[in-house]
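Can you read through this structure? Questions will come right after.
Just so it is clear, none of the values below were taken in a lab; they were calculated from the coordinates. Everything numeric here is computed off the predicted structure, so don't read it as measured data. Note: ideal-geometry Cβ built from the backbone for every residue, glycine included; neighbour counts use all protein chains shown.
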Amino acid sequence: MNNPVVFECPKGTWVKIATGITNGTVYRLTAANKYIQTYRVTGDAAPTTKDDGAQLFGVEDQNSARIICDTAADIYVMCVSQDGSVRIDT
C-alpha cells in the first residue's frame, strides 16, 4: 500500500489520481464541490471531455468513494463547480 497522496483538481480539468490500481478510496478534501470520475485501462489515452465522467460522490455530504476494478486502471477526477482537491489511498 502506498502513502495517501493529495491532488489539486482545477475546475474543468481531468487529473490522473492513480495509475494501474485495482482498488482504493478517494476522499473529498474540498467541501461543496461536485466531482466526476472516470477510468482508463492502464496505458490507454486519457479522457478528453466532461462527458466521459460519472458522479464520484453519491450525495453532497458523502466524503469518500471506494474504487474497485477487475483490471489495473488509471483513475481520473474532475471538479465541476470550482477548484478542489482529493486524496487517494491505494
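Once both labels are modelled 7 Å past Cα along the beta-carbon direction, what's the T48-T25 spacing in nm?
Simple spin-label model gives 3.7 nm for this pair.
Over the Cα atoms of the stretch 5-89, what Rg and Dmax result, in angstrom?
According to the Cα coordinates of the stretch 5-89, Rg and Dmax are 11.6, 33 Å.
By how many nm would the segment from F7 to R40 lengthen if fully extended, with 0.36 nm per residue of separation less the alpha-carbon distance? Spell out each step's value before the answer.
Details: separation 33, 0.36 × 33 = 11.88 nm, distance 1.81 nm.
Stretched out fully, the F7 to R40 stretch lengthens by 10.1 nm.
Rounded to whole Hz and in sequence order, give me ³J(HN,Hα) for the stretch 5-14 from the Karplus expression 6.51 cos²θ - 1.76 cosθ + 1.60, θ = phi - 60°, writing x for Gly and Pro.
After applying 6.51 cos²θ - 1.76 cosθ + 1.60, I find 10, 9, 10, 7, 10, x, 3, x, 10, 6 Hz.
Let me ask another. Among the lysines, which fall within straight-line cross-link reach of K34, defined as a Cα-Cα distance under 16 Å, with same-chain neighbours fewer than 8 residues apart omitted?
Within reach: K11, K50.
Count the DSSP beta bridges whose two residues both fall in the stretch 5-89, then state the antiparallel fraction as a percent rounded to the nearest 5.
Numbers: 27 of 28 bridges.
That works out to approximately 95 percent antiparallel.
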